[in-house]
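Here, each number is a calculation from the coordinates, and none is a lab measurement. What you are looking at is a predicted structure, and each value in this text was computed from that prediction instead of being measured. Every residue, glycine among them, receives a Cβ derived from its backbone with ideal geometry; neighbour counts consider all protein chains shown.
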Amino acid sequence: MAGKPPNQRRSLLSRVMSWVIGGFIVLGILATLIAGWSQPETPSADPPDPEQLALGKRIYEQYCAACHGERLQGHPNWRKRLPSGKFPAPPHDETGHTWHHPDELLFGITKHGLVPPYAPEDYESDMPAFKDILTDEEIWAVLAYIKSTWPEDIRAFQEEANQRAQQRQER
């Protein structure tokens, strides 16, 4: 390079730098694509997703309606203990308290049952754990179906509960 004229040296240097910069750009694009593919989508109960709602409705009818009611109405007197000392299944419609809780808690209760950390240590319930019966996707779909039946103001309140829970997690 020492014997070449200055304009040829700049030309060679420009081509080398172009290749180096181009290589970094390609590596950056590949890294971004790989990161996007390897990061699983955050699961959620998304009422506007029609496929998720249809799945959730089918699963709810098969596994939940017997206790929580076909119309999500729960048992009558659901706040009064049964002779067994357990509470009857609550409603999941707007008359119940499901919408007071964030999605992650509802997911945990559905997957693991009413056991700590989702209920007090000595809490007794007929609510089964569905971890060996339903996939996570199916549980999220049931929650989406339940949420889709709530009026808009209740969904907004429950979304605020989700945001508060997220903020607590980030601390």
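Peptides 127-135, 95-103 ranked from most to least packed by the mean count of surrounding Cβ atoms within 10 Å: 95-103, 127-135.
Taking only C-alpha pairs under 8 Å that are 6+ residues apart, what is the relative contact order of region 76-150 in percent?
27 percent
Just check region 62-125 against the gyration tensor rule for me: Cα atoms, a ≥ b ≥ c as the square roots of the eigenvalues, rounded for a/c under 1.5, and otherwise prolate or oblate depending on whether a/b exceeds b/c. Oblate.
Using DSSP to define loop residues, name the GluC sites (Glu not before Pro) in region 98-171 whose beta-carbon has at most 15 other beta-carbon atoms within 10 Å.
Values: sites: E104, E121, E124, E137, E138, E152, E159, E160, E170; in loops: E121, E124.
The qualifying sites are E121, E124.
In this simple spin-label model, placing a label point 7 Å from the Cα along the Cα-to-Cβ direction at both I154 and Q166 gives a separation of 2.3 nm.
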